[in-house]
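Report on the following structure.
The values are calculated or read from the model by the stated rules, or taken from the named source; none is laboratory data. Remember, predicted model here, so these are calculated numbers, not experimental data. We place every Cβ from the backbone using ideal geometry, glycine too, and count neighbours over all the protein chains shown. Calculation scope for accessible area: heavy atoms of the full protein, side chains included, ligands and nucleic acids excluded. Shrake-Rupley method; radii C 1.70, N 1.55, O 1.52, S 1.80 Å.
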Amino acid sequence: MKVLKFGGTSVGSAERIREVASLITDGEPKIVVLSAMAGTTNTLVEIADSLYHNEKQRALDIIQNLEITYYITVTELFETEAYIQKGKEFIQTIFTYLRSFINKDFYPLQEKAVVAQGEIMSTTLMHYFLEECGIANTLLSALEYMRIDKDCEPDYFYIEQNLRRELAKPEVCPLVITQGFICRNAYGEIDNLKRGGSDYSAALIGAALRVEEIQIWTDIDGVHNNDPRVVAGTKAIRRLSFDEAAELAYFGAKILHPSSVQPAKKENIPVRLKNTLCPEDEGTLITRESPAKNIKAVAAKSGITAIKIKSTNMLLAYGFLRKVFEVFEAWKTSIDMIATSEVAVSLTIDSMEYLDDILRDLEKYGTVEVDRGMAIVCIVGDFSANKEGLGAQILDALAEVPIRMISYGGSEHNISVLVREEDKKKAMTDLSRNLLDLQH
């Protein structure tokens, strides 16, 4: 069995839904995980935001416009009058539910229930379309098996036990359609795995069932060796290791959700990234081992803040670093990069939510300097062979880019540099021209 995940662009219209249907109906058993149709999640977030701020008319207008979009999709998707009517009745049920929030007090937690309707609509429309085509399939609600615990982490035992129980039911077909992204929390309420969580859903399902392969279908032919939105002439990478893919996903490669690599790595399940628009392309295969030990790709992460804390007590006093890290732990803020000297520590964060609180607490231990508007550019590959002169090559490639900070040696798969946001494009372009072009 395989798990196939299709993103919002892949199911973004009636035509795209038909194309996905043709890809999943080869007679092989599989679980198909779908995101909401492109644009739907953002619109549902707008609805929830309007409801939360008591902007009822705005919420009604957005609901009406989205409903019209789905009615059009239904008429374009189905061919028989019976299924057009069935589709319209289903859509009406969803939007009646959304309108039911208009005359109620709206709480932040209810946003999760509103946003979940996107995946519920895309999977139900796919289920109906396959039925109309005479293809047996089972629509399985993710709310029956996908759950996060009190720390908002996947409840692996619950997921596996309940998923296997659902699939063991005699009426379940070899072709199963289910939602990505959505789940229940430890209290049984509708919740989600955060943005990009459909990849995570597919990985969790694949790991729970120990499947043959997890496939992530998007609108690009695999992971590229640089960001095609920033640098021209990028190329798809055919093989990556789990560690390399995780580094790229975390540091900005949008094709894959950062959390989705870990479940597959844990169970050693290959992950293949494929292009819905060009299904014959081999894409990128992610496995435990990567055949080539060299530089594979460059990725970048924007919205970075650099913080420098200089100790007021002699050199770095005993316990100084512990106290610094405890500040970030207390405010639940993760650190991306870190560099130390005898009297100071510099580090980066990508969340501004608690920045003022963090700075206030850090000032107890020394003088604090802050640089906003930074970006991390990371060079990813398999450096376990200790390639001679690699650090020098990277610095030479970036000779014309001011570097604020560098992280080298903490990982065999990632060398990172911190630059100003306005220098990010040049850094990525120079690395492509001076390093990647020599590798391929």
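What to note about this one:
- Candidate set from the stretch 233-248 (those that are closer than 19 Å to Asn275 by Cβ and among the small types (Gly, Ala, Ser)); member that is most open to solvent (accessible area, probe 1.4 Å): Gly233
- Pick from the stretch 249-289, criterion basic (Lys, Arg) and open to solvent by 40 Å² or more (accessible area, probe 1.4 Å), ranking: nearest to the chain's Cα centre (by Cα): Lys254
- When restricted to residues that are under 30 Å from the mean Cα position of the chain (by Cα) and either part of a loop (DSSP other than H, G, I, E, B) or free of Cβ contacts under 8 Å to residues at least 40 places away in the same chain (or both), the stretch 365-382 contains 1.
- Criterion applied to Phe129, Phe106 was being part of a loop (DSSP other than H, G, I, E, B) and not β-branched (Val, Ile, Thr), and the one residue passing it is Phe106.
- Some residue of the stretch 409-423 being farther than 27 Å from Ile286 by Cα and touching a Gly at 6+ places or on another chain (Cβ under 6 Å): yes
- Matching entry among Ile335, Ile358 (being touching a Phe, Trp or Tyr at 6+ places or on another chain (Cβ under 8 Å) and either of a type in the set (D, E, K, R) or part of a loop (DSSP other than H, G, I, E, B) (or both)): Ile335
- Put simply, of Asp219, Asp227, Asp149 the only residue that is charged (D, E, K, R), open to solvent by less than 40 Å² (accessible area, probe 1.4 Å) and touching a residue at least 24 places away in the same chain (Cβ under 8 Å) is Asp227.
- Considering residues of the stretch 365-375 that are more than 11 Å from Ile349 (Cβ to Cβ) and modelled with pLDDT of 90 or more only, the residue least open to solvent (accessible area, probe 1.4 Å): Ala375
- Residue selected from the stretch 326-339 under the condition loosely packed, with under 14 Cβ neighbours inside 10 Å and of a type outside the set (Asp, Glu), by the criterion farthest from Ile358 (Cα to Cα): Ser334
- Matching residues in the stretch 57-76 - criterion: being among the charged types (D, E, K, R) and open to solvent by 80 Å² or more (accessible area, probe 1.4 Å): Arg58, Glu76
- The stretch 328-346, residues that are among the β-branched types (Val, Ile, Thr) and free of Cβ contacts under 8 Å to residues at least 40 places away in the same chain: Thr333, Ile335, Thr340, Val343, Val345
- Taken together, the criteria place Thr124 among residues that are under 17 Å from Ala21 (Cα atoms), out of contact with any Ser or Thr (no Cβ under 9 Å at 6 or more places or on another chain) and at pLDDT 95 or above.
- Residue list for the stretch 341-364, filter: open to solvent by 30 Å² or more (accessible area, probe 1.4 Å) and either of a type in the set (Lys, Arg) or under 31 Å from the mean Cα position of the chain (by Cα) (or both): Asp350, Ser351, Met352, Glu353, Tyr354, Asp356, Asp357, Arg360, Lys364
- Any hit, the stretch 383-401, residues being under 18 Å from Ala245 (Cβ atoms), outside any helix (DSSP H, G or I) and in contact (Cβ under 8 Å) with a residue 24 or more places away in the chain: yes
- Out of Glu89, Glu132, Glu79, Glu119, sole residue that is within 21 Å of Leu23 (Cβ to Cβ), surrounded by fewer than 13 Cβ atoms within 10 Å (Cβ to Cβ) and acidic (Asp, Glu): Glu79
- Test: Arg99 is under 29 Å from Ser259 (Cα atoms), open to solvent by 40 Å² or more (accessible area, probe 1.4 Å) and without any contact (Cβ under 8 Å) to a residue 60 or more places away in the chain: no
- Residues of the stretch 189-203 that are of a type outside the set (A, V, I, L, M) and either open to solvent by 20 Å² or more (accessible area, probe 1.4 Å) or outside any helix (DSSP H, G or I) (or both): Glu189, Asp191, Asn192, Lys194, Arg195, Gly196, Tyr200.
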